[in-house]
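Novice: Supplied in C-alpha cells, the structure appears directly below.
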Amino acid sequence: MRPGPSKRMEAAAAFLIPPACREEVLGDLYERYKSKTQYIVDVVRTLPLVLWSQMRRTIDPRILLLEALAVYLSFLAIQWMVVGPSDFLRLAIPSLVALLGVRVAAVYSSRPWIPILAISFAFPFQTGLPLWTTALGAILAGLLLLVVRRSFPQRENDLRAATPTAGQIITLDDIRRKTLEFQVQVSRRNLREYVAAALVFVSVGWNFSKEPLGGGVIIVGVAYVVYSLRTRGSARAAPQDADFTTYRNFHRSELERQRDLLRAIWSWYLRPMIPGIAVVVARAAIRNPRPWQAAYMGLVLLFFLGIAKLNHAGARRLQRKIDELDAMEAQR
Amino acid sequence: MGKIDSLGQFEQLVLTAILTLRDDAYGVTIHGRVEKMAHPRTVSLGAVYVTLDRLEDKGLVASWLSEPTAERGGRSKRCYRLEALGERALQESAVTAKRIWDGIAEIWGTEWAKKWGKQWGKEAI
C-alpha cells in the first residue's frame, strides 16, 4: 500500500473540507502524498478554492440578498432601540462578517440552526459599537435567518445526487407519502407564520402607548395576514385509505392551492404590512425628521421585494411538481 | 441543444484534459494533464476543482463517484466525462484557436510559428 498521511492529518483535512466534495478531494490529496509538509501545503492551497466553489454552488442570489437585508436590519433595529439611529456604515461591518459566517457554515451543514451559531462570527468585529447592539442584533439576525432558511431552503449541491425521473412509475405508497409530506410542510410553514404574528402582536402591544396609531394599523395588517393564511393556506386533511387517483387528485389540488397562494403573496401578505410600517416611520419623521427614515423605508420595501421574488420562485417550483404529476399520470 | 457560452482558456485546458484522458479523467490526472499542457505555468489542484464544478454547472461535463481504492486510502474518485454540449464547446474553441494561430502565422510567417512552437514544446503547424 502506498504511503499516505497519518490518520490525524487526514482527519484534520476532512474536518476542513466541505462534505459535498470531501470524499474525492481527500482521495486526491492522499494519492498525491509525498511528505507531511507537501500534504499540509496541498491542503492549505486547495481548501480556499474548494470552499469558494461550494459556496458559489449553494448560493441563490435572491436568498443571499434577503439574508443580507435580514442581518443588517436586525443590527440596525437593535442599534436604534439601544442608542438611536446612528452608525449606519459601521453596522455594515458586523453584518457582513455575520453573513460571511452564515454562508461558510451553510457549506458545511444544511441544518437551519447553524446560522444562529455562525452569527457569533460578528462578535470580534464590533468596531466600537455597543456590546448590546452586537449581542441582541446577532440574536435577532439569527432568528430571522432561521425563518428565511426554513422558508427558502438553500440550493442543495444536488447535481451529483440528481436521479432521472423521466419514466418513473409512482406507486400508491409513493403518492400517499408525497401527499402527507406536503401537508406536513404546509402545516409547519403556517405554524411559523402564526408564531411570527404572535411575536409582532406582543412587541407592538408592548409599545402601543408610544405609537397607538401605527401600532393599531400594524395589528390590523397582521390580523388580515393571519386570517388569509388560515382561510386560503391551511393544510387540508389528507384522505385516509383512498386509492391512487384520489390521493393524486387531492395532492394536485393542494399543490395548485399553495401555488396560487404564493403567486398572490403581494396581495394578502406583503401589502397589508406596508401601511402600518409607513405610518410608524411617517410619524417618527414628523416628530423628528431624519434622512435615514426614507432609507429605512426603502430597505424595508427592498426586503419585501426579495420575499415576493422568493415566493414567486416557490410558486414556480410547485408548478413544476404539478407538471411532473401530470406527466406521470399520462404515462400510467 | 443548449446555448454555449465561450470558454475561458483554463476551461479549454480542462475539457481537453478530460477528452484525452478518456476513462481515466479524475482530479489528480486532470490536474497533471492540464499542468503539462499549460507548461511552464503552474496550476493548482484547487483551480482545477473550481473549473470542474463550473463546467459541471454549465452542463459541459458530468461526474460520478467510482469505487474506493486502496491507493487512495479507501476513498473514491470523482470521474468526469464530456457531455455533448462540452464536446461541441471544445470543437468551437479548437476552431477559433486554429483561426488565431493561422492569422498570426500569416503575419509573422511560418518560420516564426515553427520557432515559437518548438520553444514551448509544441509541434509546428
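Here, each number is a calculation from the coordinates, and none is a lab measurement. The structure presented is a predicted model; accordingly, all values stated were derived computationally and were not measured. Every residue, glycine among them, receives a Cβ derived from its backbone with ideal geometry; neighbour counts consider all protein chains shown.
Novice: Run down the lysines and flag those whose C-alpha is under 27 Å from the C-alpha of A:Lys7, throwing out any fewer than 8 positions away in its chain.
Specialist: By straight Cα distance, A:Lys7 reaches A:Lys34, A:Lys36, B:Lys77.
Novice: Using only the alpha-carbon atoms of chain B as identical scatterers, what base-10 log of I(q)/I(0) does the Debye formula give at q = 0.19 Å⁻¹?
Specialist: Scattering profile of chain B, log10 relative to I(0): -1.07.
Novice: Measure up B:Lys36/B:Lys118; A:Lys309/B:Lys58; A:Lys178/B:Lys58; A:Lys178/A:Lys309 against 19 Å on the Cα-Cα distance and list the ones that go over.
Specialist: Numbers: B:Lys36/B:Lys118 15 Å; A:Lys309/B:Lys58 24 Å; A:Lys178/B:Lys58 30 Å; A:Lys178/A:Lys309 26 Å.
Listed pairs above 19 Å: A:Lys309/B:Lys58; A:Lys178/B:Lys58; A:Lys178/A:Lys309.
Novice: Relative contact order for chain A: what is it in percent, counting Cα pairs under 8 Å that are at least 6 residues apart?
Specialist: Details: 310 pairs, mean separation 54.3, N = 332.
Value for chain A: 16 percent.
Novice: Exactly which GluC sites (Glu not before Pro) in region B:27-125 are in a DSSP loop and have at most 15 other Cβ atoms within 10 Å? All intermediate terms of the calculation are to be shown ahead of the outcome.
Specialist: Working: sites: B:Glu35, B:Glu56, B:Glu71, B:Glu83, B:Glu87, B:Glu92, B:Glu106, B:Glu111, B:Glu123; in loops: B:Glu83, B:Glu123.
Those satisfying the criteria are B:Glu123.
Novice: Give me A:His251, B:His39 ranked fewest to most by other Cβ atoms within 10 Å of their Cβ, as a rough exposure proxy. Intermediate results must be reported in sequence, preceding the final value.
Specialist: On the way: A:His251 23, B:His39 11.
By the 10 Å Cβ count, ascending, the order reads B:His39, A:His251.
Novice: Output ³J(HN,Hα) for region A:198-207: one whole-Hz value per residue in order, computed from phi by the Karplus curve 6.51 cos²θ - 1.76 cosθ + 1.60 with θ = phi - 60°, and x for Gly and Pro.
Specialist: With coefficients 6.51, -1.76 and 1.60, one gets 4, 5, 5, 4, 5, 6, 5, x, 4, 9 Hz.
Novice: Kindly provide log₁₀ I(q)/I(0) values, in the same order as q = 0.11, 0.12, 0.19 Å⁻¹, from the Debye equation applied to equal alpha-carbon scatterers of region A:253-332.
Specialist: For the requested q values the scattering log ratios are -0.45, -0.50, -0.83.
Novice: Follow-up. Mark the label point 7 Å from the Cα of A:Arg283 along Cα→Cβ and return the residues of region A:186-209 whose backbone N is within less than 11 Å of it.
Specialist: Within reach of a label on A:Arg283: A:207-209.
Novice: Place a point 7 Å from the Cα of A:Ala197 along the Cα-to-Cβ direction; which residues of region A:205-231 have their backbone N under 17 Å from it?
Specialist: Zone members listed by number: A:205, A:216-231.
Novice: Mind listing which trypsin sites (Lys or Arg not before Pro) in region A:175-263 are in a DSSP loop and have 10 or fewer other Cβ atoms within 10 Å? Each step should come with its number before you reach the end.
Specialist: On the way: sites: A:Arg176, A:Arg177, A:Lys178, A:Arg188, A:Arg189, A:Arg192, A:Lys210, A:Arg230, A:Arg232, A:Arg236, A:Arg248, A:Arg252, A:Arg257, A:Arg259, A:Arg263; in loops: A:Lys210, A:Arg236.
Passing sites in region A:175-263 are A:Lys210.
Novice: Still on this structure: Please state, as a whole number in µm²/s, the translational diffusion coefficient that the Stokes-Einstein equation yields for the protein assembly as shown at 10 °C and 1.306 mPa s, with Rh defined as the Kirkwood radius across alpha carbon pairs. Kindly include the intermediate steps, with their values, before the conclusion.
Specialist: Values: Rh = 26.4 Å.
The diffusion coefficient I find is 60 µm²/s.
Novice: Continuing with the same structure: Put a dot 7 Å past each Cα toward the Cβ at A:Arg230 and A:Trp80; how far apart are the dots in nm?
Specialist: 2.9
Novice: Between A:Leu64 and B:Glu111, what is the label-point separation in nm under the 7 Å Cα-to-beta-carbon projection?
Specialist: Each label point lies 7 Å from its Cα, and together they span 5.3 nm.
Novice: Something else: Tell me, what ³J(HN,Hα) does each residue in region A:42-52 have, in order and in whole Hz, if you take phi through Karplus 6.51 cos²θ - 1.76 cosθ + 1.60 with θ = phi - 60° and put x for Gly and Pro?
Specialist: Each residue of region A:42-52 in turn: 4, 5, 4, 6, 7, 4, x, 6, 5, 4, 4 Hz.
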